[in-house]
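Derivation of every value follows stated rules applied to the coordinates shown; laboratory data play no part. Values in this document were obtained by computation on a predicted structure and should not be read as measured data. As a convention, Cβ positions derive from the backbone with ideal geometry for all residues, glycine included, and neighbour counts pool all protein chains shown.
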């Protein structure tokens, strides 16, 4: 029991995805929109919210968080419409992108964020990348980093 704790303490912590901090929006045709907002990381925790809709109507919303696990791995938790949160462990990150995976979940199994010159790309899919849904966000006014 003590050895895994020592190994976890000795393992270097993966960086939190600081590039996500702020508010992001994608506008689509016919007044459809999607937005996400993320806090700066503090104490190994980032808190996020997301929603989408059309015009002034909200079609879907979700609470999210990214929390540093005991082993130092950032873990994404999604809670659509307040449901019990589902955990996705970070499998790859480089300071401008991060990928979270939970192959045991039905859908999505993978959540990926990538900072681009134009904004932020987000994708959910099956673990192998099939059946993707994608968003291309731009920072909202007042959210510049």
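Taking every C-alpha pair closer than 8 Å and separated by at least 6 residues, the mean separation divided by the residue count of the chain gives a relative contact order of 18 percent. Length gained on full extension, residue 91 to residue 47: 13.9 nm, using 0.36 nm per residue less the C-alpha separation.
With neighbour counts taken as other beta-carbon atoms within 10 Å, the residues 56, 40 rank, fewest first, as 56, 40. If you run the Gaussian network model on the chain, springs between alpha carbon atoms under 10 Å, then out of 26, 117, 35 the most flexible one is 117.
The label-point distance for residue 118 and residue 134, in a model that sets each label 7 Å from Cα toward Cβ, rounds to 1.0 nm. Think of it as helices only: each DSSP H run of n ≥ 4 in the chain is worth -39500 (n - 2.57), and spread over all residues that comes to -2000 deg cm²/dmol at 222 nm.
Among 70, 111, 101, 86, sorting on how many other beta-carbon atoms sit within 10 Å of each Cβ, with the fewest leading, yields 70, 86, 101, 111. The translational diffusion coefficient of the chain, from Stokes-Einstein at 4 °C and 1.567 mPa s with a Kirkwood hydrodynamic radius over alpha carbon pairs, comes to 81 µm²/s. FRET efficiency for the residue 71 to residue 29 pair, using the beta carbon distance and R₀ = 35 Å, is estimated at 0.20. Comparing 79, 130, 97 in a Gaussian network model of the chain where C-alpha atoms under 10 Å apart are linked, the largest mean-square fluctuation is found at 130.
The residue 127 and residue 61 beta-carbon pair, evaluated with R₀ = 22 Å, returns a calculated FRET efficiency of approximately 0.30. Comparing 127, 13, 29 in a Gaussian network model of the chain, where Cα atoms under 10 Å apart are tied by springs, the biggest mean-square fluctuation is seen for 29.
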